[in-house]
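Everything on this sheet refers to the single structure shown next.
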Amino acid sequence: MQANKDSDGGWRTFVWNSEKKEFLGRTGSSWLKIFLFYVIFYGCLAGIFIGTIQALLLTLSNYKPTYQDRVAPPGLSHTPRSEKSEIAFSLSDASSYKKYTDAMTKFLKKYDDDKQTDQMKFEDCGGNVPENYKDRGAPEDNNPGQRIGWRLKRSLVGVWPRLGNRSKASTPGKMSLSLCFQPPMNNSVEEFLLPKLKPNLIPIFCKNKREEDADKIGEIKFFGLGEGFPLQYYPYYGKLLHPQYLQPLVAIQFNNLTLNEELRIECKVFGENIGYSEKDRYQGRFDVKFNIAS
């Protein structure tokens, strides 16, 4: 019993020693010195970290990407977007493709003619033919003025087909079906794209990705200014300098697709300095899988 009291008293003495005025074995001045040491130590670490980040930020521009070693333009995408690049729906069920039509309708609203009437925000960018790059100034910090957006009206690219247009089947087991894609293409302000097949234009072509699908796809039509991406609408300077920018678009219409089968189609843009990578499925190209039920 006496041993328990002694051990209990030793524990209490360690927590607070009233004779030496010590808390957990240290006096108040000792605890103060330790506290000040760690405040200074971690304060120096925080200062080094903040200083390193600030030094890095000084090397970056607000208006153009500084480091692009992992960015290989141009990137190519499509609208409507889909999960795992698969467009699947049933022709007999309108609700199954409503999400695609709604996405396209929303995406194209900003290209309506009445959205581009403000003379302070938009101006014409050439005529109805592809033209060369236009000088808009370098996107440097000493030239931060906003660029005026270029008009890209839907009327310039002709009649845009709509998703779900149907007509009588031209061959048994097939149906003439119009699918419309808008593949916007980005472009770096540091490295301008160089045309290859057509002057002042980066054309886009689509074909079956698998050999066995060659006779299952049918005709592919392209709608747009020059049926590609005219150079005069590039480059894009980013949201700060180019808030009114509209990406040039191409509508792709797939006719006479075979129903009730999985079809894979690949689309590519072609230019002198455009490369492709198997590691990046959107570098200069994209592929999409169709699965359309009757």
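The values are calculated or read from the model by the stated rules, or taken from the named source; none is laboratory data. This one's a predicted model, so the numbers in the text were calculated from it and none came from an experiment. We place every Cβ from the backbone using ideal geometry, glycine too, and count neighbours over all the protein chains shown.
Of these, ILE48, ILE53, which one is closer than 30 Å to LEU240 by Cα and modelled with pLDDT of 90 or more?
ILE53
Where in the range 132-232 are there strands (runs of 3 or more DSSP E), lying fully within it, with 3 or more residues that are at pLDDT below 70 and touching a strand residue (DSSP E or B) at 6+ places or on another chain (Cβ under 9 Å)?
Details: elements: 165-167, 174-178, 201-208, 220-223, 228-230.
Strands (runs of 3 or more DSSP E) meeting the threshold: 165-167, 174-178.
Select from the range 97-112 the residues that are out of contact with any helix residue (DSSP H, G or I) (no Cβ under 6 Å at 6 or more places or on another chain) and touching a residue at least 60 places away in the same chain (Cβ under 8 Å) and write down the one among them that is farthest from LEU152 (Cα to Cα). Walk me through it before giving the result.
Going residue by residue through the range 97-112, those that are out of contact with any helix residue (DSSP H, G or I) (no Cβ under 6 Å at 6 or more places or on another chain) are 97-110, 112.
So of that shortlist, the ones also touching a residue at least 60 places away in the same chain (Cβ under 8 Å) come out as 97, 100-101, 104, 107-108, 110.
Details: TYR97: 27, TYR100: 23, THR101: 21, MET104: 16, PHE107: 14, LEU108: 11, LYS110: 10 Å.
Among those residues, the one meeting the criterion is TYR97.
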